[in-house]
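Okay, structure first, notes after.
The values are calculated or read from the model by the stated rules, or taken from the named source; none is laboratory data. Everything quoted here is computed from the prediction, not taken from an experiment. So basically every Cβ, Gly included, is an ideal-geometry build from the backbone, and we count neighbours across all protein chains shown. Protein only, heavy atoms only, side chains kept; ligands, DNA and RNA dropped before computing areas. Shrake-Rupley method; radii C 1.70, N 1.55, O 1.52, S 1.80 Å.
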Amino acid sequence: MMRTVNEPGTTTPVVAETDVLVVGGGPAGQAAAVAAARAGAEVTLVERYGYLGGLASGGMVLLLDDMCAENEVSVGGLALEIIDRMERIGACVATPKEDCFRDDPDVRARWVRWGFEALYTRKRPKPIVYAATFDPEGWKQISQEMVLDAGVKLRFHSWFSRALVEDGAVRGIVVETKSGRQAVLGRLVIDATGDGDVFGDAGAPSVHGSYIMTLVHRLADVDTDAAIAFERNDPAGAQQLDREVKQMLGGSWDMWWLLTPRPGVVWCNCPHIPGYDGLDPEHLTHIEIEGRRRFMQVVRFVREHCPGFARAYVLDAAPQVGVRQTRLLEGEYVVTKDDVMGRRTFPDVVARGRDYYTPYRSLIPKNVENLIVAGRCYSATSEAQRISREIPPMMVMGEAAGTAAALSLESGVTPRKVDVTVLQKRLVAQGVNLGSLVPV
């Protein structure tokens, strides 16, 4: 049996009270905070690190995709706003409109190495769609500006410890800080922790899933023109080297490196390491150690063998491990793989990805009040979450959660009883694309 220690009881100071308390400042959380604040609510956003963006910036998941259905951009609102604002400061490259939804060779040649292909299609060649790649520091800068401009109060360096639950409703949270334990109270709480930390501690039903984990990194001083020319002039040789690299990595997407907005800097969303638990510190430690071992082996190999990589070095590795799935809410509705693959729509749809729809009920936990969930821990089966967890749709989900929170307080009802028709109209007015079946 595991040994235990007894901790003395303590009195925890309340350091802040707010209308809407957002826990977690990743893409879903920052969108929720901005949406709620723009709707007139007083908002506090609590984040464990010293920056916003979560796995987008800290995890360096630098490709924004899963935004298109057929020949239309299927997301909107804050997910597109942050792309536009990052483009203005030169921290983002997105597909030009005239090149979207085309698969002719010249367009593919321009954008395939940026990762701007349709992600989940079986069509070959994959068409180029609207997508974007960004610099992680650009995301941090713009997301912080958006949050502060909206009037959100930020509390960084505050690590969630436990939920404060009274009479079946979440009333706030306790966080660990360098100053000790602190309490932050909210009339309504949004769990955007990614791992479902709040609803997990509050007692809402959930399941524990897992998926591949990654230690994302970037390489600098790469002659990308030479590397691409080699692939085109000697495809057989390039494919052989690619196979050798992937064997060292132990797993990767089709392309183990992609272009970024920074000249000579490439993004490596690998290695893929399955079979570990993103809630277990020993497993996370293993991913840090093993991930670095693998990509350093690759760097030594490509410097010697791959044209364009002779001077390459590791610019940085993500400060956050790339965790894709841990706790999943079992909410009022559980989205299934058939829902996603079958493009099933819902009368209470509040978010949309490429061609799938998210119902409001999948953001609402059972048995717990005053709580909304947003982000990759939303209510879905493990199989469904794996194909519906990209950053832009999660931002739309966050915007829906924040807008719903403000509407809940405004209407004097719990989130469970929010008028979804009113919520949908507000989201559409904010530029969110909910599909043609939703009245405007």
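Given axes a ≥ b ≥ c from the Cα gyration tensor, I'd like to know whether segment 17-66 is rounded (a/c under 1.5), prolate (a/b larger than b/c) or oblate.
Values: a/c = 3.79, a/b = 1.71, b/c = 2.21.
Verdict is oblate for segment 17-66.
With the Cα gyration tensor of segment 293-440 giving a ≥ b ≥ c as the square roots of its eigenvalues, does the rule (a/c under 1.5 for rounded; else a/b larger than b/c for prolate; else oblate) give rounded, prolate or oblate?
Numbers: a/c = 2.49, a/b = 2.34, b/c = 1.07.
It comes out prolate by the Cα gyration axes.
Between segment 169-228 and segment 326-351, what is the separation of their alpha carbon centroids in Å?
21
Heavy-atom accessible area of W159 with all protein chains present, probe 1.4 Å, nearest 10 Å²?
130
Angle, helix 420-429 long axis vs. longest principal axis of the chain, Cα atoms, 0 to 90°, nearest 10?
50
Rounding to the nearest 10 and keeping the result within 0 to 90°, find how far the Cα-based axis of helix 224-233 lies from the longest principal axis of the chain.
60
Relative to the longest principal axis of the chain, what angle (0 to 90°, nearest 10) does the C-alpha long axis of helix 136-149 take?
In the chain, helix 136-149 runs at an angle near 30 degrees to the longest axis.
Given a 1.4 angstrom probe, I'd like the percentage of the accessible area of segment 1-140 that is carbon and sulfur, rounded to a whole number.
Answer for segment 1-140: carbon and sulfur cover 50 percent of the accessible area.
Which of the residue pairs K153/K178; K97/K425; K126/K246; K153/K417; K246/K337; K126/K366 have a Cα-Cα distance greater than 30 Å in the structure shown? List each step's numbers first, then the result.
Details: K153/K178 19 Å; K97/K425 27 Å; K126/K246 21 Å; K153/K417 27 Å; K246/K337 28 Å; K126/K366 40 Å.
Beyond 30 Å between Cα atoms: K126/K366.
What does the accessible area of T10 come to, in Å² to the nearest 10, when a probe of 1.4 Å is used?
100
Divide by every residue of the chain the summed helix terms, -39500 (n - 2.57) for each DSSP H run of at least 4, and state the resulting mean residue ellipticity at 222 nm, rounded to the nearest 500 deg cm²/dmol. Don't skip to the end; give the middle numbers.
On the way: 12 runs with 141 residues, N = 440.
Only helices count here, giving -10000 deg cm²/dmol.
Determine, for each peptide in 161-169, 199-207, the mean count of other beta carbons within 10 angstrom over its residues, then list the peptides with the highest first. If you can, show how the numbers build up before the last one.
Details: 161-169: 14.9, 199-207: 20.1.
Top to bottom by mean Cβ count within 10 Å: 199-207, 161-169.
With every protein chain left in place and a probe of 1.4 Å, what is the accessible surface of V15, to the nearest 10 Å²?
That residue has around 50 Å² of solvent-accessible surface.
Let me check something: with ligands and nucleic acids excluded, how do T345, T44 order by accessible area (1.4 Å probe), largest to smallest? Before the final figure, lay out each step's value.
Numbers: T345 45, T44 5 Å².
Descending accessible area places them as T345, T44.
What percent does the relative contact order of segment 1-94 come to when contacts are Cα pairs within less than 8 Å and at least six residues apart? Intermediate values should be presented prior to the final figure.
Working: 73 pairs, mean separation 19.1, N = 94.
This gives 20 percent for segment 1-94.
Provide M248, M296, M86, M2 ordered by accessible surface of protein heavy atoms (probe 1.4 Å), highest first.
Values: M248 40, M296 70, M86 0, M2 175 Å².
Order by accessible area, largest first: M2, M296, M248, M86.
For R354, R344, R327, write out the residues from largest to smallest accessible area, computed with a 1.4 angstrom probe and no ligands counted. Spell out each step's value before the answer.
Working: R354 25, R344 115, R327 65 Å².
Highest to lowest solvent-accessible surface, that is R344, R327, R354.
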